1. Given a Förster distance of 45 angstrom, what is the FRET efficiency for residue B:28 paired with residue D:100, based on the Cβ-Cβ distance and rounded to 0.05?
2. Once you keep just the Cα pairs under 8 angstrom separated by 6 or more residues, what percentage relative contact order results for region B:78-315?
3. Counting each DSSP H run of 4 or more residues in chain C as -39500 (n - 2.57), what helix-only mean residue ellipticity at 222 nm follows after dividing by all residues, to the nearest 500 deg cm²/dmol?
4. What nm value, rounded to one decimal, do you get for the distance between residue C:46 and residue B:21 when each label is placed 7 Å out toward the C-beta?
5. Using alpha-carbon positions, what is the distance between the centroids of region B:319-347 and region A:153-182, in Å?
6. Give me C:258, A:68 sorted ascending by neighbouring Cβ count inside 10 Å, so fewest comes first.
7. Is region C:180-264 rounded, prolate or oblate when judged by the Cα gyration tensor, a ≥ b ≥ c being the square roots of its eigenvalues, rounded requiring a/c under 1.5 and prolate requiring a/b larger than b/c?
8. Checking the a/c ratio against 1.5 first, then a/b against b/c, what shape does the Cα gyration tensor give for chain B?
């Protein structure tokens, strides 16, 4: 450390900054010459701004006068690419394969610990598969720090630009994998440069991972069975038309892909939500433009709950592989999830 | 109007009563409408001064915003604090609003004159003095330290600024020779629509205008004299514990006071509804109302403009300003007004034989001399008082700057 | 003999001008302040404890929330401390980007602080809006570079998270072009305003000796006439490369602090001009590449030891103290928050002035409760 | 017309009497003051009813607007406002009542016996020259007003107009007027002197700068004591900050 303030005070000489360099003593305006001209000057400035507000607009950023308001719902400011709001998961447009391999990096780095991942297992061998069985992010506690997106080695988790998330329903802010999935083309539309920088690497890694994924594991839930149809559309649609590229969410598909246990679990969550202050399916949020189905990305699960006759009674097709997934979940993890849910329910009940 | 009602009723007193009631209702309705317009002007004006739009969602250009707000405040729950003095708390807004509205009785809207009493100018001042009682009631009844402080401040301020306000009006009353508002406006009437006949265009009238305007800003609790409701210090001053409809009434009274100030200023100094063509029988009445409103709203815009610029004075500085700056100026102005009258109108009969040398009373030469003399006196007085205040220190602190 | 009674006035915690949730217990004699007791802690969020639980990388995200007006400088200080402990080299371009962001933060903070201060004084919104306009433009830059307007989370150990794109450089230059006009406008609007002079001259005087004794920093100590600025006293980062003056006041009153802030904005603008000119063009060197991967990892472990680093935040000297025992999170973590230290002088500054001056003096200290309470 | 005037008169009288009674009855002293204001306002209305607007206005300005405020201020500075425990009636209350009625009789008896007030009719003054414009406008001024509504003031003679009062102050009652103004001036100066003395004697809280100056001057005398922060002192005991002004 160089000089302390006390030492400087001791030397009552000319003003020397601590550490050398220039010092300027600010000029104090002395009263005694003022007959109101100071206020008059200020009034001149203000009336100039007043007049300019009618003529000039925000567009000229080097000008300090002129209307600065952006009238929000009609006019929106262009969001920069790096803008980050809430994390979402990416999947490939053509194959529906998710980029996530459930490496748990994001879960570990997440400062408020709002990411919960369950790894998928091969039903036949019981081995772990590089794909996420379930991926839950509690949006209500997320602090949008973007560390998950930064740390993800597979570029699977990205920060969304959709910010109109306000809702009365806290529990609806818990997003599962189905609600989080976004096609790559969507991300490409909102952040073309950022995606271009990582595209090659990410796609290469995805190709490697897909080889190790049996069946429909790792495919975005609503893309199961739609991949071939979606292919030409996605190919035709450019980056700009990502909204059109997003295939409609097949409502029934989600029930098919679920083990009975999971369906029951979902049902329990929904029941807890229903017990909360707001009715399920009461979508407060305007749909983000990329989600073509018109349903809010957030409320996919809920709207499904409303639309599907009754997921619990729908018999899950005994496609062997899926049934085993729930069983293969470790007890420890289940307990943890259960604890989280209990806490949520308590919270929901308190509201 | 009385004739019209007499035709309907056939009874004299009933017709008189009804015509007065009609006028009262008209004033109240017009006042409320103008108040809505004023809030709109204030917010949009401030918005544009600050490079933003004001409220622009409700109705065209946000013109219906005040209506939306009125509905909101009226439908809100009316809350009286538990420890408040119930009745006084309730009556305070009533007293404030009543005193404010009463002032409108003598303010002519162009050629439309509600009542012309021969002490109209004094009446306005007197009636608006009553609203200090309401402020004190509000401040005390709320049982809140901030409200009490705000009420005390409001009263101290209002009483202090009443003095320069009245004294500046004395000059004008002397010029006119009557205390009737109508006479004051008629005195500025020029058959050729010459605006130079307005009082503000004489040196005496100008200084009087400055003093009156500043004092009125303080009376109307406008920035920079908004100490009674100083938000950053006293939350909302005497209005702190008011909500819902009572607050709406206080708010309405506040803006009506401001409008009354603007209207009086426009009438006394800017010729009221006078303007080109305001003496044509029927069209002239409309024109005069237009002129009157244009002048008043223009003055209100100046209020908004000032609000957009100045910070708030501290309460002691505010008092010093009233007593040490405005009061001497007003007194000097009375002196120069008497000089003005003496030079222009008096002859040997009144002991101004010297002035006869310049010509008959009212001659151009006399006016010119009076102009020069009073202008010199007033300008010198203004700068002298300003300088004295600045060098002797308006602030109370004698804090010697620590030499560092 | 009129004996006046001492009265206790409670300003806050719910009050329009306490800058957050903050309470002032004022003992007044008439209108004169006899004693003033700041009561804080309403916004306590366990920052330092969290910093000991979370990993170093995670902690960056909460340093944003300390003084939420200048998150960039908070991150800068924290990253510097960790870098000092781990001996991490920072590439030159990264240093320049950091300085640019820090100085932008300083402008942002001062523009808003002066606006708030004048708002406290009763200037109805105009000054605040003009200040916020600058803040808005700077926050747009932050958003482009860091992703968020206030909680930027931009600095990383060994550099910054993202490079400056040519577009952004242009945006910053555009801002710098227009900025002097703002200062000129503002000066004409307020500098000579008689009411401002009357209200701020000789109010809240903090003599030089006492300023030093209280160890206040930032514009408060500089307003009192001590040219103490960490950028000079202990040049960190690359501040020794720029020519800039340190503005100091001559009396130490509220008015001097205002003037110092105004001048500091000019000086920040000067630094920014130089930095933008000198900014090395080598792209990709925005972060220590050798360290990038490591810093991203969860298990960034610092060697055992301790480090203290300080930066000149717009509010004063912001210091971070980290003790590591070799783990992946700090063993001990402490912050010297300038707002808190400057607040300690409030009582002495307010004594003898009126109640109305309290808010002006408090505004002139420029506190952010996020930093005071942590 | 007479009927309605009578109605207003009796209504006002009832209001004034009632509020006058309430002033004595209510326990809360602030309420008493407010009732007093109400009775002042009623009296002002009486003056208006008597077509003496000038006196009415002055009544409002001076009594309702100023005197009452003064009283309210004085009351608010006192301690016991609510007057909870105070006894309303004393043992010999009838003595007070008797005195009050006696005083009232002193006022009312001449009024009843000599109902005619000695008010002289006076015309337009000659020594106050009107400006040409004002004189010319005197007639047309009434014209538009008359179209709107009647002007009772213009038709009836002024009993106590501003002009008459001003004239009598400046002519007949000049000496009393000057004496009373002198008295008020003396009172004003006295108040200033007292307040000034009070201020000098009052405990003055020194600001930091003044304190530093003080310390510096003390240091010059050789009694150096460093300036200390007083933050550690408990509230109310900030000796460092307070000093008797010399």
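Just so it is clear, none of the values below were taken in a lab; they were calculated from the coordinates. Source: prediction; values computed, not measured. Neighbour counts are summed over all protein chains in view; Cβ atoms, including those assigned to glycine, are modelled from backbone coordinates with ideal geometry.
1. E(calc), rounded to 0.05, equals 0.65.
2. 26
3. -15000 deg cm²/dmol
4. In this crude label model, residue C:46 to residue B:21 measures out at 7.0 nm.
5. Centre-to-centre (Cα) distance: 73 Å.
6. Result, fewest neighbours first: A:68, C:258.
7. Judged from the Cα gyration tensor, region C:180-264 comes out oblate (a/c at least 1.5, b/c at or above a/b).
8. oblate
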